[in-house]
Structures are given as C-alpha cells and as structure tokens.
Amino acid sequence: MKFCSQNLPILSFCFLVVILGTARNSSALQIAPLDSNKTFAVSIIQQEMTIEELEAAARKLHKSATKKFKREAYWTSSVDLIAVLDFHPGFTRSDEITYLLANCFYEMGMYESADKMLRHLLKTYSKTLLVAEAILGLQKIWYQKNDYQTSLKFYKALESHYSDQNGIDESRYYAGQTYFQLEEYNLSLSILSRIKQKSDFYPFGLYTIGLMNLKKKT
C-alpha cells in the first residue's frame, strides 16, 4: 500500500510556530522557515511511499533527532521529531518519538509543551515501556514550575509503582530538593539518604544534606 504525499500534511513554518509557540522565551528561539528543497524532513513526504519506506524514513529521522539531542541541538532535533509525528503517526516507535520531543521541549524551557507531550504519551501509549520515564519527566516539569505539591504527587506515584526503575534515584533527588525548598528538612533528608551511592545523583544529594546540616547549626 502506498501513501501519496498530497494526502499528508506538510511540516510547515506555520505548523512549527503553533507547536513551539508556547515557549517561555519564544522570541529568543531561532525560528526560520524550512527549505523544502534542502530539508530531509520535508523531502521524504514529497513522494509516494510504502509503509516500509515510511518506517525506514521515520527510523532515519529518529536516529538523526537522537544525535542532535545528545549534541544539545534541541530545536533541530524537535524539527525531525515533529516531522515523524506529522507524516507517519503510525510509526512503530511513536512513543519514543513523543518522549524525546517532550525532552526537547523541557530542555528549551517549554514546560507547558513538555507536559502536554508526556500526558499524551501516557494516555495514548498505555503499553509503552516509558511510563516511569514519563512520570519522572512530569515530576521534574512541575518542580521547575515551582508547583511542589504536584511534583511530589508524581514522585509518590514512582515510589509506589516503579521503585525498582533506574530513574528512581533521580526522582528521589528532585523530591528531596522539593522538600528542601518547602523547609521540610527531615523528609528531605529521609528521601535523599535513599539515593544509591552508585547513582550520578548521589553527590548532589550529599550536597543538599550538607546544606541542611548547616541550616540546623545556624
């Protein structure tokens, strides 16, 4: 079965502005129209493609977006990811695309957009293996928005159902930081003390514990 590009929505400048227009500092973003003659994301939907070809093109864009994300090129990574969701919403790895796009938005300070993408992920892909990661992402988003009670709700959900996941120490770090901001130092200490020593967040947890000890002495 083939799909004609005329029946597929073209990833346009206007579309990107709508998706990314909720940025806190949108005026600071380098927004430029896509050149359909040079941009792979657009050129691949300007031809008839089979499902297999769409899958291959989507995998290529996914790989490209992942590399750009690791280079901290979040804007251009998001362009690739939006292209995949736009021209091939049935991509077998759409949950991974959605999650990575949410992370791009998060890194660009676009917390509302990141929140919407993660909630969409949890609602649409109920069998995804990224549930714990999505909940952690929501916890971090609401921490950044200074809505500490909402952030703690997501932390408690992780502790209750996903305490064996790799991201639990990161979740505990943010929960400890949250209670620290709320000046509930005993709760903060209790949670931060549970971060495993091999975790990347262990030294950061120790630093916060040190700050609490200083506060207790003053």
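The values are calculated or read from the model by the stated rules, or taken from the named source; none is laboratory data. What you see is a predicted model; the values in this text were computed from it and never measured. When we count neighbours, we look across all protein chains shown, and the Cβ atoms used for this are built from the backbone with ideal geometry, even at glycine.
Observations, loosely collected:
- Checking each residue in segment 47-67 for being surrounded by fewer than 20 Cβ atoms within 10 Å (Cβ to Cβ) and of a type in the set (A, V, I, L, M) picks out Ile51, Ala56.
- Hits in segment 129-157 (condition: in a helix (DSSP H, G or I) and of a type in the set (A, V, I, L, M)): Val131, Ala132, Ala134, Ile135, Leu136, Leu138, Ile141, Leu152, Ala157
- Looking only at residues of segment 174-218 that are over 27 Å from the mean Cα position of the chain (by Cα) and more than 21 Å from Leu152 (Cβ to Cβ), we find that the one that is modelled with the lowest pLDDT is Thr218.
- Subset of segment 142-167 (residues that are surrounded by fewer than 22 Cβ atoms within 10 Å (Cβ to Cβ) and among the aliphatic types (A, V, I, L, M)): Leu152, Ala157
- Here Asn166, Asn146 are screened, and the one residue that is farther than 25 Å from Thr76 by Cβ and either at pLDDT below 95 or charged (D, E, K, R) (or both) is Asn166.
- For Met110, the conditions (1) touching a helix residue (DSSP H, G or I) at 6+ places or on another chain (Cβ under 6 Å); (2) crowded, with 19+ Cβ neighbours inside 10 Å are fulfilled apart from (1).
- Residue in segment 68-103 that is modelled with the lowest pLDDT, counting only those that are surrounded by fewer than 16 Cβ atoms within 10 Å (Cβ to Cβ) and under 25 Å from Ile51 (Cβ atoms): Pro89
- Annotation note: of Ser171, Ser126, Ser188, the sole residue that is of a type outside the set (Lys, Arg) and part of a loop (DSSP other than H, G, I, E, B) is Ser126.
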